[in-house]
Amino acid sequence: MSFIYQRRQLWLGVFFLLSVGLALMSCTDNPDSLSTAAPGSKEEAEKFIQDAEKRLLELNIKGQRADWVKSTFITDDTEAIAAEANERLIGATTELAEQARRYENLDLSPELKRKLKLLKLSLTLPAPKDPAERTELTKLTAAMEGDYGKGKYCPEGDKGKCLTLPEIEQIIATSRDPEELKRMWLGWHQIAVPIRKDYVRFVELSNKGAKEMGFKDTGAMWRSKYDMEPDAFAAEMERLWQQVKPLYDSLYTYTRRKLSEKYGKEVVPEDKPIPAHLLGNMWAQSWGNIYPLLAPANADRGYDLTAILKARNTDEKQMVRYGEAFFTSLGFEPLPSTFWERSLFKQPADREVVCHASAWDIDYEKDVRLKQCVQINEEDFSVVHHELGHNYYQMAYSTKPFLFRDSANDAFHEAIGDTVALSVTPPYLKQLGFIDKVPDPSADIGFLLDRALDKIAFLPFGYLVDQWRWKVFSGEIGPNDYNKAWWELREKYQGVAPPAPRSEQDFDPGAKYHVPANTPYARYFLAAILQFQFHRALCREAGFSGPLYQCSIYGNKKAGEKLKTMLAMGQSEPWPVALKAMTGEEKMDATAIIDYFAPLKSWLDEQNGKKTE
Ligand code: X8Z
Ligand code: ZN
């Protein structure tokens, strides 16, 4: 249900609308014969898109509402209602995408051509045309996300107290007892076991839908959404990974040694993968929570944001207010009153919700919402900025035609709030009154290390999730190897290992939200790199000329204006055009993240006993 989710629904809606329109034209079910059907006229194409956008908007709003209620109140009924809405949207979208083929070869305006293309690529969940199979698929996806949302670990069996994911995550973040961490890790991963068989069927059905739409499989369809050939996109991901890998390697070596010192060589051998339960995060995807174990002796960053937030008795809403205040300092409007009335900030005690944070665009205008079980800590301080980045993007492109109401590509959506959060620097925290004085420059390494534990540690995880899924969709990884292949990738890219032997009874990928929720993940890898590129451009715009990590654009209206202009473009142009508008650059590029962390890289390499270049 994150922004991504909405997008899916949006498109589903588009298709829905289109399908209704299509019902009036007699058409075959065979896409190939459709493509050779008599081409429509330019005027028809315009009318087709116009009607589609209007209808899709209505349908998507309905879909969003059903989904919002389902995600904030998981029951069999809300799940069924959301599945039905989704089914209608997918059905319509599929038919509309087929219809759009009639106009493919006409000499249309670039705007219309782009809309037709977007229409065909919009689904995240392609579904078979067979109504029974389509129903089965949408029920499966609703159930998988619901099962994840309801997932709990009951240490004393069903009768004792059960822990929800935020509670387990809190223990994983703060406990330093390897046995307790292992229990939590194993306990949570159990929730995915029943999801496995649904996932197998989901892959079959969704692939069938993708094939019917002319794609090799669902993964190929996902890779086609980046204004370039799918293979070129995969190569682009690999190019960027190779650019940043040396940074990860340096951080990894340092971290493993420190953990080995802390837990002993029997628990963390220095020549083996790091046990995944010791990194402060359930998926070992960001390691900021173990900063205290790794802090440099003479270069600690000098403050503890979690402790500060707690000492100030910050509540959930106030956490969100801080995020809003950053955006308004850049010249954005305050969030609408409906945002504050309708959002969910706190995990309710009396019902099941999907706690995984997401930002919603209910009416594609001003009814934006946040759904987050906010914890009062540093991690969620960042997540709040991340989510509001989605909401401000949504509002910025809301005046564009419906089919352009999305980000330049999905990584842009993920990068905006994080870009803003990069400006949460010590001088900014002083401005907020969180710290009395800006720490001495000797604290810079500690600051950079803390940040790297989130941003650099994330990169291989961000990369591998869809390496796994692309192979699952293509059939290269079959159901009998799901778990084995998952851990091969986790070892290869992250260098982590499970805390206990795993088998094909387990379904460890399913213990990560985006797998049962079917949210693509390559976007986060790209966003982790892109946000530094954005940061560099906005800092340049703000006239900042010092080291990139010291820049904060807080309060800078010029930088805000630059950002707003790019956000307002939505999806109306291929993403390199949007990137150029903001950065002057046309390619995604890791030099900004590398520059940002350059002093840390030298320091780590020294610590690791390597000569710096
Ligand atoms: O899912 C999210 C956001 C919502 S779009 C909270 N993120 C990824 C994750 O949690 O795995 C943000 C970073 C990566
Ligand atoms: Zn996001």
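With both labels modelled 7 Å from their Cα along Cα-to-Cβ, the THR591 to LYS272 distance reads 4.3 nm. Between the beta carbons of THR328 and ASP177, assuming R0 = 45 Å, the FRET efficiency works out to 0.55 to the nearest 0.05. For the range 54-65, 3J(HN,Hα) computed residue by residue from phi via the Karplus equation (6.51, -1.76, 1.60; θ = phi - 60°) reads 5, 5, 4, 4, 4, 5, 5, 4, 4, x, 4, 5 Hz, glycine and proline entered as x. Probing with 1.4 Å while keeping every protein chain in the model, the per residue accessible area of the range 110-264 equals 40 Å². Here the Karplus curve 6.51 cos²θ - 1.76 cosθ + 1.60, taken at θ = phi - 60°, turns the phi angles of the range 406-421 into couplings of 7, 7, 3, 9, 5, 5, 4, 4, 6, 8, 5, x, 5, 4, 4, 5 Hz, with x standing for Gly and Pro. Only DSSP H runs of four or more residues enter the estimate; each adds -39500 (n - 2.57), and after division by the residues of the chain the mean residue ellipticity at 222 nm equals -19000 deg cm²/dmol.
Length available on full extension from LYS216 to LYS610: 0.36 nm per residue minus the Cα-Cα distance, which gives 137.3 nm.
Simple point charges give the picture: +1 on the Cβ of Lys and Arg, -1 on the Cβ of Asp and Glu, and for the chain a dipole about the Cα centre of about 540 debye. Per-residue Karplus couplings for the range 315-332, computed as 6.51 cos²θ - 1.76 cosθ + 1.60 with θ equal to phi - 60°, are listed in order as 9, 4, 5, 5, 4, 5, 4, 4, x, 4, 4, 5, 5, 5, 5, 8, x, 7 Hz, Gly and Pro entered as x. The simple Förster model, with R0 at 35 Å and r as the Cβ-Cβ distance, assigns LEU186 and LYS258 a FRET efficiency of 0.90.
Could you sort 232-242, 263-273 so that the peptide with the highest average Cβ count within 10 Å comes first and the rest follow in order?
232-242, 263-273
Per residue, the range 447-557 exposes an accessible area of 28 Å² to a 1.4 Å probe, with every protein chain left in place.
Computed over the chain, relative contact order equals 17 percent, with contacts defined as Cα pairs under 8 Å that lie 6+ residues apart. Between the amide H of ALA497 and those of ILE274, ALA276, distances stay under 5 Å, these residues lying 5 or more places away or on another chain, with hydrogens modeled in the peptide plane. What pairs in LYS117/LYS484; LYS70/LYS152; LYS245/LYS558; LYS62/LYS400; LYS70/LYS512 have C-alpha atoms more than 30 Å from each other? Over 30 Å apart, Cα to Cα: LYS117/LYS484; LYS245/LYS558.
Taking the protein heavy atoms of the chain in the context of the full set of protein chains, the accessible area attributed to carbon and sulfur is 50 percent at 1.4 Å. Considering only GLY40, CYS355, GLN431, and ranking their Cα positions along the charge dipole of the chain that arises from unit charges at the beta-carbon of Lys, Arg, Asp and Glu, the one farthest toward the positive end is GLN431.
Quick one: net charge of GLY543's neighbours, Cβ under 14 Å, K/R +1, D/E -1? Residues close to GLY543 contribute a combined charge of +3.
Computed from point charges on the beta carbon alone (+1 for Lys and Arg, -1 for Asp and Glu), the dipole magnitude for the range 470-586 about its Cα centre is near 540 Debye. Close amide-amide hydrogen proximity is noted between LEU370 and SER343, LEU344, TRP360, each under 5 Å apart and 5 or more residues distant or on a separate chain (H modeled in the peptide plane; Pro and chain starts excluded). Counted by Cβ distance under 12 Å from THR591, the other residues give a net charge of -1, where Lys and Arg count +1 and Asp and Glu count -1. In this structure the amide hydrogen of PHE507, modeled in the peptide plane, comes within under 5 Å of the amide hydrogens of VAL193, none closer than 5 places in sequence on its chain.
The modelled label-to-label distance between GLU476 and ASP158, using points 7 Å beyond Cα along the C-beta direction, is 4.2 nm. As a calculated quantity, the FRET efficiency between SER442 and GLU341 at R0 = 56 Å, using C-beta atoms, amounts to about 0.75.
The values are calculated or read from the model by the stated rules, or taken from the named source; none is laboratory data. Only a predicted model underlies this, so the values are computations on that prediction, with no experimental measurement involved. Note that we place each Cβ from the backbone using ideal geometry, even for glycine, and neighbour counts take in every protein chain shown. These accessible areas exclude ligands, DNA and RNA; they are computed on the full protein's heavy atoms, side chains included. Shrake-Rupley method; radii C 1.70, N 1.55, O 1.52, S 1.80 Å.
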